[in-house]
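One structure is given here, and the rest of the page talks about it.
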Amino acid sequence: MRGKFEDQGGLFSYVSPEARVPKDHPLRKIRELVRDVLRDLNRSLSGLYAKEGRPSIPPEQLLSALLLQAFYGIRSERQLMEQLDYNLLYRWFVGLSPDDPVWDPTTFTKNRARLENGEVFAKFMMKLLNHPDVKPLLSSEHFSVDGTLIEAWASHKSFQPKDGSGGGDNGANFHGEKRKNETHASVTDPDSRLYRKAQGKEAKLCYMGHVTMENRNGLAVAGRVTHATGVAERRASEDMLKAKVKQAGGRITVGEDKAYDTADHVAKLREMNVTPHVAQYNLGNPSGRQSAIDGRTTRHPGYGMSQTCRAMAECIFGWGKQHGTLRKTKHRGCARVLGDLMLNLIAYNLVRIPKLIAN
């Protein structure tokens with residue numbers, strides 16, 4: 001018998017969003033972890049707001065909405081607000097009832113800036129890694145470090161001479177002009193740097209993002225954003241690993257790619273009580289440059305294991321670029337771009353952790 005078609009159906013629904021989400025939906029476990037971390041952050045979040053005035057967007061809902069944006073690769077906060085308006089799954093995850101109004105996109109963006117300035121993303125990451133279910137998953141001795149370029153939100157026209165001799169055309173005609181970071185800077189994003197990834201590649205205004213990954217289960221444990229320079233990867237690695245040596249209380253190992261194979265970097269790591277399992281630069285390289293890593297390091301089985309795990313660190317950045325969270329930043333300045341990176345690392349960990357706990 002053919003069913004009767006009624007356009008729109010009933011006006012009211014008595015089924016809660018909780019009942020509409022399948023029991024085995026992957027967001028359920030993630031939501032539990034996020035709620036646990038947010039409870040631990042309650043005091044830190046309260047310190048960012050005045051005790052008087054108009055109520056803002058609850059930071060718990062703000063953070064949850066930003067995580068949704070990273071999970072599903074939603075390209076803008078305006079589109080995020082649009083989907084929150086009609087998607088019951090998103091409303092359930094954020095903590096909105098079906099009748100709650102969504103926020104204005106501009107208000108949402110301004111409130112996000114408060115969290116970035118308060119370093120809430122870094123604190124969220126720390127609380128997540130110290131969660132009772134997550135801490136046993138982490139290695140305290142074996143790590144990998146990698147870096148990537150994050151394209152800046154600035155055009156080539158904004159990269160103008162520092163002395164103001166741009167010719168009065170606002171940088172529109174720069175063809176044939178020699179431009180360097182020493183003599184030029186972006187007028188809209190001064191922290192960005194003109195950088196070429198490799199010979200034959202185009203130069204772009206960008207930042208450099210760095211991540212430290214533990215090798216037991218491939219979870220991100222630290223992140224940093226720096227100016228894009230030829231030595232930024234190595235300096236950031238040394239800074240991040242210094243903290244890991246202190247936490248471990250003894251020698252640790254680190255896997256790194258060929259870009260880190262320089263004599264000064266390898267020497268600094270060894271001084272810090274870090275065993276450098278760095279990929280050798282001279283293998284298959286016709287330039288004749290000698291590697292700082294020799295057979296005393298490569299002969300050990302741990303070296304091969306570190307190189308295998310090192311490839312997973314590149315997957316963290318690949319995941320972020322696939323979801324649109326690291327392809328190009330939406331903000332200006334190292335501090336704001338760090339917020340993009342940390343949000344990406346948190347989302348990556350939250351996707352992996354429930355699977356690891358289940359296994």
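The values are calculated or read from the model by the stated rules, or taken from the named source; none is laboratory data. As the structure is a computational prediction, the values presented were derived from the model and not from experiment. Every residue, glycine among them, receives a Cβ derived from its backbone with ideal geometry; neighbour counts consider all protein chains shown.
Restricting to the range 298-337, name every residue that is of a type in the set (S, T, Y) and free of Cβ contacts under 8 Å to residues at least 60 places away in the same chain. Write out each step before concluding.
Within the range 298-337, the subset of a type in the set (S, T, Y) is 298, 303, 306, 308, 325, 329.
Correct list: T298, Y303, T308.
Please verify whether I316 is surrounded by 14 or more Cβ atoms within 10 Å (Cβ to Cβ), over 17 Å from L205 (Cβ atoms) and within 15 Å of the chain's Cα centre (by Cα), treating the condition exactly as stated.
yes
Does at least one position in the range 251-260 carry a residue that is within 30 Å of V187 (Cα to Cα) and in contact with a Leu (Cβ under 9 Å, 6 or more places away or on another chain)?
There is no residue in the range 251-260 that is within 30 Å of V187 (Cα to Cα) and in contact with a Leu (Cβ under 9 Å, 6 or more places away or on another chain).
Any residue at all in the range 190-202 that's modelled with pLDDT under 85 and either surrounded by 12 or more Cβ atoms within 10 Å (Cβ to Cβ) or within 16 Å of A335 (Cβ to Cβ) (or both)?
Restricting attention to the range 190-202, the residues satisfying the condition of being modelled with pLDDT under 85 are 197-202.
Narrowing further to those that are either surrounded by 12 or more Cβ atoms within 10 Å (Cβ to Cβ) or within 16 Å of A335 (Cβ to Cβ) (or both): 197.
The answer is yes, given that some residue of the range 190-202 is modelled with pLDDT under 85 and either surrounded by 12 or more Cβ atoms within 10 Å (Cβ to Cβ) or within 16 Å of A335 (Cβ to Cβ) (or both).
Restricting attention to the range 21-30, which residues are assigned to a helix (DSSP H, G or I) and surrounded by 14 or more Cβ atoms within 10 Å (Cβ to Cβ)?
Residues satisfying the conditions are L27, R28, K29, I30.
Are there helices (runs of 4 or more DSSP H) fully within the range 250-349 with at least 2 residues that are in contact with a Lys or Arg (Cβ under 9 Å, 6 or more places away or on another chain), more than 30 Å from E119 (Cα to Cα) and of a type outside the set (K, R)? List them.
none
Starting from residues that are more than 12 Å from V145 (Cα to Cα) and basic (K, R), keep the ones in the range 245-266 and report whichever is surrounded by the fewest Cβ atoms within 10 Å (Cβ to Cβ). Don't jump to the end; show me each part of the working.
Filtering the range 245-266 for residues more than 12 Å from V145 (Cα to Cα) gives 245-252, 261-266.
Pick out the ones that are also basic (K, R) and you get 246, 251.
Details: K246: 10, R251: 12.
Going through the qualifying residues, I end up with K246.
From R43, R31, grab the single residue that is among the charged types (D, E, K, R), under 33 Å from the mean Cα position of the chain (by Cα) and either over 22 Å from H131 (Cβ atoms) or at pLDDT 90 or above (or both).
One residue alone meets the criteria, R31.
All but one of (1) in contact (Cβ under 8 Å) with a residue 40 or more places away in the chain; (2) surrounded by 18 or more Cβ atoms within 10 Å (Cβ to Cβ) hold for R216; which doesn't?
Just one mismatch for R216, condition (2).
Out of curiosity, is S76 at pLDDT below 95, under 26 Å from the mean Cα position of the chain (by Cα), over 24 Å from T325 (Cβ atoms) and outside the structural domain of H323 (by TED's automatic domain parsing)? Give the derivation first.
Values: at pLDDT below 95: yes; under 26 Å from the mean Cα position of the chain (by Cα): yes; over 24 Å from T325 (Cβ atoms): no; outside the structural domain of H323 (by TED's automatic domain parsing): yes.
Taking the combined requirement at face value, the residue does not satisfy it.
Among residues belonging to the range 321-335 that are in contact with a strand residue (DSSP E or B) (Cβ under 9 Å, 6 or more places away or on another chain) and crowded, with 20+ Cβ neighbours inside 10 Å, point out the one that is modelled with the highest pLDDT.
So the residue we want is T329.
Does N282 satisfy being more than 16 Å from L149 (Cβ to Cβ), polar (S, T, N, Q), in the same structural domain as D146 (by TED's automatic domain parsing) and under 19 Å from the mean Cα position of the chain (by Cα)?
Taking the combined requirement at face value, the residue does not satisfy it.
Table: residues versus (1) touching a helix residue (DSSP H, G or I) at 6+ places or on another chain (Cβ under 6 Å); (2) free of Cβ contacts under 8 Å to residues at least 40 places away in the same chain.
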| position | (1), (2) |
| --- | --- |
| D104 | no, yes |
| F108 | yes, no |
| M126 | no, yes |
| L129 | no, no |
| P136 | no, yes |
| S140 | yes, no |
| D146 | yes, no |
| L149 | no, no |
| A152 | no, no |
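Please pick out the residue among L33, L68, L45, L38 that is closer than 14 Å to V102 by Cβ, surrounded by 17 or more Cβ atoms within 10 Å (Cβ to Cβ) and in contact with a helix residue (DSSP H, G or I) (Cβ under 9 Å, 6 or more places away or on another chain). Break it down into steps so the answer makes sense when it comes.
Details: L33 fails: closer than 14 Å to V102 by Cβ; L45 fails: closer than 14 Å to V102 by Cβ; L38 fails: closer than 14 Å to V102 by Cβ.
Matching residue, one of L33, L68, L45, L38: L68.
Go through the range 87-121 and give me each residue that's modelled with pLDDT under 85 and either of a type in the set (A, V, I, L, M, F, W, C) or over 25 Å from the mean Cα position of the chain (by Cα) (or both).
A113, L115
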